[in-house]
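Undergrad: Right, I'll just put the structure down here and ask away after.
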Amino acid sequence: MKFARDFRDTLANQHFPVHWVEQAIPYGQLKKCLKKVQRELHDLGLDPETLKSLTDPENTSPVALNYRLNTTGDGHSVRPILTVDVHLKDGVVVDASLTSTSRKFLEKLAVEVDAARRRVSNDDRDKDVSDEPHLPSQVTENNSAAEEVAQEVGGHHETIEVPLIFDNEFFDILQSDVNNIDALQASERRNMTNEIQELRQEIGQVSQPSRFSKTDLARWRQIFELYLDAEVFFATNEQDHGARSSQVALKKLQWFQQEVETRQLARLFKLRASQQAFARFVQLNSNLLKNLQFQELNQLAVLKILKKFDKRTSLGVSKRFRLAVQPHMLMTGSIGKDVCAQLSQDLVTVVPQLTDYLCPICFAVAYRPVRLDCQHIFCIRCVVHIQRRRERYCPLCRADVVMQASGCNLDNELGRYMRKYFAKEVKEKERSDDIERGMEEYGPTYNHKECIVM
Ligand SMILES: [Zn+2]
Ligand SMILES: [Zn+2]
């Protein structure tokens, strides 16, 4: 009772778009349908206890129930199938330890199946019994034990499908709604992907390094550095690995916005287009968050209704439904993962971050970059140092490449790129390299003068 109300309230209060709310899991409708399922089973004499004992793999009774969810090849529809294995002798169930409830169930079932059989034999008298509308008999774990009994006392084994109308209806509703939500999320994801591409171009333009016109490169760099630190949707550190819940993501996003605000990063943009792009960036993030919230809420509704189903029928559908359906559906949470990866890999990288261009030995910008034959990059000063020490192996991958490095290994194109995007850091690096070289030549008392042009 409580969840139904919470679910309705949350859907109404979270400011989800109307067309989303219309697609939400119809929890109330499913609950009503579940009542009919329960009645249907009850009418067959299958109350939860009887179902539990007859579907138990340890069950040694001559009657065994088998319940499963069959999916179509594409996983877009589910059909629940309840079959009963009975051991018949002269048309009567061989009774070893039948409880009165299972006897009652079988008597009712016999009437239904008998009617069905008569219909079929009227249609086609030559057809074999196994061609009847129920599924062909399936070997279950229970069969072997029951089979032994059958051989001892004579008679034969039969698998009969129990007709379930409302159970089918329940899964029709549930599955078609899950499919709708998946379709909705797929279209949301496409929209966000397009938005990311557009935004990438916009931000690329306003953060172009330029000496002669206005640029917001430095601000965007700080903003994205903060954004990466915030790890809004995904944790990258060890203890906290993986996708975040929407609640955590919300807090992280708020932290990010607060930091940008405190440092006045967005307010002091030089270009108007930067302001607009930042607003779009924030909007994109909150849109992704909304998607996550909606997804979580619906997942919870599915989980709750299946649990309720199990409580009332003992048919174990929670597990079966997950196994049968989940591999096909987006509701497993991939929307966050995909879009986040695009946000942090495609969008944020449009503004290069210094951390990606540091020399792994001196931790300054790797200017002038030397690309060793193993493709690892270090600043020229550090390569000179390790060569002087006659260390042959790359400090990162231990390949025997250091002594072969020469002027040919200088990556001039990368050097120009660093100069363009990290002008300040490159200048600092050049200065400290000059001082170091001076000290090497003239001793520790070397006094570096900025104005000297070499
Ligand atoms: Zn270095
Ligand atoms: Zn290497």
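The values are calculated or read from the model by the stated rules, or taken from the named source; none is laboratory data. The structure presented is a predicted model; accordingly, all values stated were derived computationally and were not measured. Virtual Cβ from ideal backbone geometry, glycine too; neighbours counted across all protein chains shown.
Undergrad: What about Tyr421, is it hydroxyl-bearing (Ser, Thr, Tyr), within 14 Å of ligand 1 (Cβ to nearest atom), surrounded by 15 or more Cβ atoms within 10 Å (Cβ to Cβ) and in contact (Cβ under 8 Å) with a residue 12 or more places away in the chain?
TA: Working: hydroxyl-bearing (Ser, Thr, Tyr): yes; within 14 Å of ligand 1 (Cβ to nearest atom): no; surrounded by 15 or more Cβ atoms within 10 Å (Cβ to Cβ): yes; in contact (Cβ under 8 Å) with a residue 12 or more places away in the chain: yes.
No; evaluated as a whole, the condition is false for this residue.
Undergrad: Which one is farthest from Ser432 (Cα to Cα), of the residues in the stretch 368-380 that are at pLDDT 95 or above and within 12 Å of ligand 1 (Cβ to nearest atom)? Break it down into steps so the answer makes sense when it comes.
TA: Of the residues in the stretch 368-380, the ones at pLDDT 95 or above are 369-380.
Add one more test, that the residue is within 12 Å of ligand 1 (Cβ to nearest atom), and what stays is 369-370, 376-380.
Numbers: Pro369: 15, Val370: 17, His376: 22, Ile377: 19, Phe378: 16, Cys379: 12, Ile380: 13 Å.
Of everything passing the filter in the stretch 368-380, His376 is farthest from Ser432 (Cα to Cα).
Undergrad: For the stretch 13-42, enumerate the residues that are among the aliphatic types (A, V, I, L, M) and either in contact (Cβ under 8 Å) with a residue 12 or more places away in the chain or within 15 Å of Leu297 (Cβ to Cβ) (or both).
TA: Let us first name the residues in the stretch 13-42 that are among the aliphatic types (A, V, I, L, M), namely 18, 21, 24-25, 30, 34, 37, 41.
Correct list: Val21, Ala24, Ile25, Leu30, Leu34, Val37, Leu41.
Undergrad: Okay, moving on. For Phe321, indicate whether it is closer than 30 Å to Leu65 by Cα, out of contact with any Lys or Arg (no Cβ under 9 Å at 6 or more places or on another chain) and crowded, with 20+ Cβ neighbours inside 10 Å. Before the answer, list the steps.
TA: Details: closer than 30 Å to Leu65 by Cα: yes; out of contact with any Lys or Arg (no Cβ under 9 Å at 6 or more places or on another chain): yes; crowded, with 20+ Cβ neighbours inside 10 Å: yes.
In short, yes.
Undergrad: State all residues of the stretch 383-423 that are of a type in the set (Phe, Trp, Tyr) and within 16 Å of Leu358 (Cβ to Cβ); if no residue qualifies, say none.
TA: Going residue by residue through the stretch 383-423, those that are of a type in the set (Phe, Trp, Tyr) are 393, 417, 421-422.
The answer is Tyr417, Tyr421, Phe422.
Undergrad: Which of the residues spanning the stretch 392-401 are without any contact (Cβ under 8 Å) to a residue 24 or more places away in the chain and either within 13 Å of ligand 1 (Cβ to nearest atom) or touching a His at 6+ places or on another chain (Cβ under 9 Å) (or both)? Reasoning before the result, please.
TA: Going through the stretch 392-401, the residues without any contact (Cβ under 8 Å) to a residue 24 or more places away in the chain turn out to be 392-394, 397-398, 400.
Those that are without any contact (Cβ under 8 Å) to a residue 24 or more places away in the chain and either within 13 Å of ligand 1 (Cβ to nearest atom) or touching a His at 6+ places or on another chain (Cβ under 9 Å) (or both): Cys394, Cys397.
Undergrad: Quick check on my filter: what residues within the stretch 27-51 are acidic (Asp, Glu) and crowded, with 16+ Cβ neighbours inside 10 Å? Walk me through it before giving the result.
TA: We begin by selecting, within the stretch 27-51, every residue acidic (Asp, Glu); these are 40, 43, 47, 49.
Once the filter is applied, which keeps residues that are acidic (Asp, Glu) and crowded, with 16+ Cβ neighbours inside 10 Å, the stretch 27-51 yields Glu40, Asp47.
Undergrad: Across the stretch 183-236, what is the total count of residues that are outside any helix (DSSP H, G or I) and hydroxyl-bearing (Ser, Thr, Tyr)?
TA: Taking the stretch 183-236 as the starting set, the residues that turn out to be outside any helix (DSSP H, G or I) are 207-216, 231-236.
Cutting the leftovers down to hydroxyl-bearing (Ser, Thr, Tyr) gives us 207, 210, 213, 215, 236.
Qualifying residue count, the stretch 183-236: 5.
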